[in-house]
1. Out of curiosity, is ASP35 in a helix (DSSP H, G or I), acidic (Asp, Glu), within 30 Å of GLU338 (Cα to Cα) and at pLDDT 90 or above?
2. Does GLN261 count as at pLDDT below 90, in a helix (DSSP H, G or I) and polar (S, T, N, Q)?
3. Just checking, does the stretch 199-210 include any residue being closer than 17 Å to LEU241 by Cβ and surrounded by fewer than 20 Cβ atoms within 10 Å (Cβ to Cβ)?
4. Being part of a helix (DSSP H, G or I) and surrounded by 13 or more Cβ atoms within 10 Å (Cβ to Cβ) narrows it down to one of LEU48, LEU27, LEU55, LEU64, so name that one.
5. Taking the condition of being of a type outside the set (Phe, Trp, Tyr) and touching a helix residue (DSSP H, G or I) at 6+ places or on another chain (Cβ under 6 Å), how many residues in the stretch 362-395 meet it?
6. Can you confirm whether LEU230 is surrounded by 14 or more Cβ atoms within 10 Å (Cβ to Cβ), under 31 Å from the mean Cα position of the chain (by Cα) and in a helix (DSSP H, G or I)?
7. Considering only the stretch 151-171, state which residues are assigned to a helix (DSSP H, G or I) and touching an Asp or Glu at 6+ places or on another chain (Cβ under 9 Å).
8. Within the stretch 434-448, can one find any residue that is closer than 24 Å to VAL531 by Cα, touching a helix residue (DSSP H, G or I) at 6+ places or on another chain (Cβ under 9 Å) and assigned to a helix (DSSP H, G or I)?
Amino acid sequence: MSAARRRELAAACALLAAALFAYAGTLSGPFVFDDRAAIERNKTLRSLWPPWDALRGPGYGNALAGRPLANFSFALTRALFGGEPRAERAVNLALHVACGGLAALALRRLLRLPRAAPRSRERAGAIAFVTALLFTLHPLASEVVLYAVQRTELLAALFALLATLFFLRSLESARAARWQAGAVAACAAGMACKETLAVLPLLLLLCDRAFAAGSLRAALAARARCHTALASTWLIPAALLASAPRGRSIELFSGDYLLAQGGIGLDYLRLVVWPDPLVFDYGPLVPGQAALLPALALAALALGAALWGLRAPRSGFAALWWFGWLAPSSSLVAVLAEVGAERRVYLALVGPIAIGAAGALELGARVARRLRLPSARARAAGCALLLLVALAFGLRIRARAADFRSELSLWQSAAAARPTNPRAWFNLGNHLRESGRAEQASHAYLRSLSIEESYVAHLNLGALLAQMGQPERAGAHLARAVEIEPLALYPRAIDARLNLAAVLAAQGRLPEARREIEIALARDPRAGDRVRLADALHVFGEPERALEALRPLLERMPPDADAAALAGRIRAQKKR
């Protein structure tokens, strides 16, 4: 084995060992938040045959909708490992380490191109290894490992790095067409994992211009077919989004969302350098969240990066890489349900880390020359510093993993890190309620409502207060839930009326309670709500109407079990 191969093997072993150190013992814990709908309740993951069921994926609004390869990967791991949370996170960790390795290979090849800076070519191997190590251990990337459903981000990054590596190989290979075909195939596969990969063809064109061709015209002239084929992969996310839309929370443009990205974008940059606090959920866009000054500051940074990248493409490409990967969800495409997310920074991290690694190596070389340190001592000092940073990152990942041990701890962390997020307080209230901490749960619901009023927060708080023996307060919140019930989005959401009817009945206000039940019954309720309505009608002394409400459920084959049990009780009492 050659010395170069031994170094490559040692670097790969170091990456794997570092990842195992950082994530060992951190993969336990339940599925959380979107994991439940996307993995636990996803019926398309239950079988690998026929394969088109797993490739079709879940429907409207699911985190895996329109992402067939990502959905298929969960079906595969479920078939192999049973779909346990620990197994899904272990697969995520393996993919994350693979991304670190591919980042090292691609960066080393990029920095050894003829147009790269001479000092970068000399230190290409060291820059690539340091970047890959810090990328693998960076706490900002931990969410994509610990939050199982974010395998979509991992797979998209894996295929993006693979396409980049293949494209760079094509620039120096006698078999350029084969490597270009591989780049196009990898890009297409990535598009089937997450639509944000649409930026990759543009970044590869800019990379060609900066490190190979020297100009856009020359790049297009030399590799027109390759760049055209890469651009043609945009048809894939277009078709997938048309057949499986992301939901009503996506808009093509929102001025408030764009302004809000200013503060969040600056937060991303801060977290690259100092990854604390880390935020699981930034929450939806809420009124008053947009801030003009941070937006202008980030816009100035983005404009400066773009001008730098255009005027000095080689040194500015890392900045373009950062802003390019953030652009899909931080500019014209507004994700109103999630104004920010640290996972969006995942692949973008490679850019600033590479700049920092190159700068640190250059600074270390200058200090060593000035202090006249022997090269061996200088390298030892550099390795010691790198180990200290890696250790700090690893310990931060372990602290971050503690948040994922339970949904309660996760939402406690989210609410503490982002106290203006109403969804964090709402979900915290839900899990405090489940753990029997009713008083704390009511305070969490009230905190959520103080930020943004919502039907579900009023509903859950009203139901909780009714259980706590506070019917007056419960009735006020349930009545407000009835008043603002979003019928356009939840045409069958009648829980508030059923709970309000129970509270009114307990207060002796039977006519009002009966009116709420009549309105609920007219709304074509779901199966579980029909059973509750029938039970209420039976309590009000109307067994015939109760049986009529149950009839659609009793006519099913087989009949609904809860409906059949209630109907049996009603008929038994009628015979007495």
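The values are calculated or read from the model by the stated rules, or taken from the named source; none is laboratory data. Everything numeric here is computed off the predicted structure, so don't read it as measured data. No Cβ is skipped: glycine too gets one built from the backbone with ideal geometry, and neighbour counts run over all protein chains shown.
1. Yes, satisfied.
2. Values: at pLDDT below 90: yes; in a helix (DSSP H, G or I): yes; polar (S, T, N, Q): yes.
Spelling it out, GLN261 is indeed at pLDDT below 90, in a helix (DSSP H, G or I) and polar (S, T, N, Q).
3. Yes, the stretch 199-210 has at least one match.
4. Going through LEU48, LEU27, LEU55, LEU64 in turn, the sole match is LEU55.
5. Residues that pass the stated criteria total 6.
6. So LEU230 passes the test.
7. ARG151, GLU153, ALA156, PHE167
8. Looking for residues that are closer than 24 Å to VAL531 by Cα, touching a helix residue (DSSP H, G or I) at 6+ places or on another chain (Cβ under 9 Å) and assigned to a helix (DSSP H, G or I), one finds at least one in the stretch 434-448, hence yes.
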